[in-house]
Amino acid sequence: MTAGYEHDVTLAPYTTLRLGGPADHFFTADTDANLIAAIRDVEGHGDDLLILGGGSNVVIADEGYRGTVVRIATAGVTFQDSLLSVAAGVPWDDAVAQAVDEGLSGIECLSGIPGLAGATPIQNVGAYGQDVSQTIVMVDAYDRIAKQMVLLDNADCAFTYRHSVFKDAVHQGAGRYVVTRVHFQLTDSGGLSAPIRYKDVATALGLEIGERAPLKSVREAVLEQRRRRGMVLDEADHDTWSAGSFFTNPILDAEGFAAFEARCETPPPHYPEPDGRIKVLAAWLIDQAGFAKGYGSGPVTLSTKHTLAVTNRGGATTADLLRFAAHVRDGVAERFGIRLVPEPVLVGGLTW
């Protein structure tokens with residue numbers, strides 16, 4: 001490896017779960033040029049590559065990563081009229097805060113989400129009635145196959161629920177495209193938010209669904225919702241030692257939903273998808289299967305604030321975490337016939 005690499009670096013401090021063993025090699029890229037050079041260097045050596053952002057959506061094995069981790073730490077936020085362009089290494093909430101300060105709507109309900117801006121298109125990050133696919137117009141990325149920079153438009157990104165073209169792996173931990181910058185087309189609505197689509201946010205603001213409010217008021221309401229659920233990072237609060245929502249919301253076809261509904265004692269909350277399928281809530285499934293907030297007594301438990309977060313109470317291992325998560329998964333499957341799928345990326349040979 002060339003200069004600038006560290007070796008045998010423990011990855012736990014770089015993740016919000018505070019879990020994960022050592023990487024063989026570790027490089028911090030603070031410019032796009034350094035990032036691309038590091039990727040080419042790793043591939044030239046035939047090493048496995050893991051691109052690491054804020055570490056908020058990843059579960060890393062206790063054995064660590066047998067390859068090279070390249071951590072993105074690039075900076076830069078620019079506005080051109082209502083177009084927001086953000087370097088991949090910018091903390092996501094910093095970008096949201098700046099957009100709100102500029103009086104631009106479209107991502108205000110995504111306040112407080114941990115991680116970096118470059119990760120948002122990968123996961124098609126969403127919350128409280130917004131997701132980034134609604135505002136992303138272009139993504140700058142390095143194409144590892146063509147070995148050049150490319151510009152992908154919204155359609156090229158192939159966004160679906162918590163998925164995109166960027167999530168398809170070429171090697172474990174890194175896909176064909178490495179995001180370097182994301183461009184969002186926001187809206188100047190005179191300091192007002194986009195129409196509010198999430199009931200709890202609307203209620204907190206004394207509004208009806210579809211109404212608007214001052215951007216800063218919406219941002220604060222969303223942050224308060226997230227704090228109540230332990231979803232705003234706080235070193236002193238073990239409820240935030242998590243990967244956020246550990247399970248995705250299942251999406252069922254009509255037949256699958258009918259079979260599921262027949263097993264429910266009360267009508268389950270559900271939401272129609274554009275393709276005719278039906279989304280059900282993982283948090284509801286977990287709770288109704290007998291796993292309440294705070295469930296567990298060991299080093300890993302459900303958050304005391306939100307059933308979707310699997311948390312490290314201190315002293316946990318990744319093996320502890322996955323064993324506990326599998327216990328919850330199996331309980332939901334036994335009760336409702338639905339197998340939950342993890343939202344974070346599993347790294348280091350981990351399986352589900």
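Roughly speaking, what % of Cα-Cα pairs in the stretch 29-128 are separated by over 24 Å, rounded to a whole number?
That tail contains 31 percent of the Cα-Cα pairs.
Under a Cβ-only charge scheme (Lys and Arg +1, Asp and Glu -1), can you give me the dipole magnitude of the stretch 241-352 about the Cα centre, in debye to the nearest 20?
400
Counting Lys and Arg as +1 and Asp and Glu as -1, each charge on the Cβ, what is the dipole of the chain about the Cα centre in debye, to the nearest 20?
660
Which Cα, out of H238, V310, I278, lies furthest along the positive dipole direction of the stretch 175-328 (beta carbon charges, K/R +1, D/E -1)?
Final value for the positive-end residue is H238.
Leaving out ligands, DNA and RNA, what percent of the accessible area of the chain is carbon and sulfur, probe 1.4 Å?
Here it works out to 50 percent.
At a Förster distance of 25 Å, what's the computed FRET efficiency of H7 paired with D168, Cβ-Cβ distance as r, to 0.05?
0.25
Please work out, to two decimal places, the log10 of the ratio I(q)/I(0) at q = 0.13, 0.22 Å⁻¹ from a Debye calculation in which every Cα of the stretch 260-352 carries one identical scatterer.
-0.48, -1.16
Given the Cα-Cα distance of A146 and D275 and 0.36 nm per residue of separation, how much length would full extension add, in nm?
43.1 nm
What whole-number distance in Å separates the alpha-carbon centres of the stretch 11-61 and the stretch 253-281?
Each part's Cα centre sits 39 Å from the other's.
Search the structure for amide H atoms under 5 Å from the amide H of R181, placed 1.01 Å from N in the peptide plane, and list their residues when 5 or more places away or on another chain.
Residues meeting the amide H criterion: A88, D140.
Once the chain is represented by equal point scatterers at the alpha-carbon sites, with solvent omitted, what log10 I(q)/I(0) does the Debye formula produce at q = 0.09, 0.16 Å⁻¹?
Per q value, in the given order, log10 I(q)/I(0) is -0.50, -1.54.
Taking only Cα atoms and a 10 Å spring cutoff, compute GNM fluctuations for the chain and point out the largest among P269, P91, P22.
Largest GNM mean-square fluctuation: P269.
What Kirkwood hydrodynamic radius do you get for the stretch 1-80 when you take the inverse of the mean 1/r over all pairs of distinct Cα atoms, in Å?
When all Cα pairs of the stretch 1-80 are included, the Kirkwood radius is 13.0 Å.
Helix-derived [θ] at 222 nm for the chain: sum -39500 (n - 2.57) over DSSP H runs of at least 4, divide by residue count, nearest 500?
Values: 8 runs with 82 residues, N = 352.
Only helices count here, giving -7000 deg cm²/dmol.
Suppose all protein chains stay in the model; what accessible area per residue would a 1.4 Å probe give for the stretch 285-341, in Å²?
Solvent-accessible surface per residue comes out at 40 Å².
With springs only between Cα atoms under 10 Å apart, run a GNM on the chain and tell me which of R197, R18, R263 wobbles the most.
R263
Between the stretch 196-249 and the stretch 293-317, how far is it from one alpha carbon centroid to the other, in angstrom?
So the two Cα centres are separated by 20 Å.
I'd like to know which of G118, A194, Q80 lies farthest towards the positive end of the charge dipole of the chain, counting +1 on Cβ of Lys and Arg and -1 on Cβ of Asp and Glu.
Projecting each Cα onto the dipole axis, the largest value belongs to A194.
For the chain, set up a Gaussian network in which alpha carbons nearer than 10 Å are linked by springs, and say which option among A202, A326, A258 fluctuates the most.
Highest fluctuation of the listed residues: A258.
For a test of understanding, tell me how many lysine pairs in the chain have Cα atoms under 22 Å apart, given they are 8 or more places apart or on different chains.
8
What three numbers, in Å, describe the spread of the alpha carbons of the stretch 86-210 along their principal axes, ordered from the longest?
The Cα atoms of the stretch 86-210 stretch 51, 25, 24 Å along their principal axes.
The values are calculated or read from the model by the stated rules, or taken from the named source; none is laboratory data. Being a predicted model, the structure only gives us computed values, none of them experimental. Virtual Cβ from ideal backbone geometry, glycine too; neighbours counted across all protein chains shown. The area values use the complete protein model at the heavy-atom level, side chains included, leaving out ligands, DNA and RNA. Shrake-Rupley method; radii C 1.70, N 1.55, O 1.52, S 1.80 Å.
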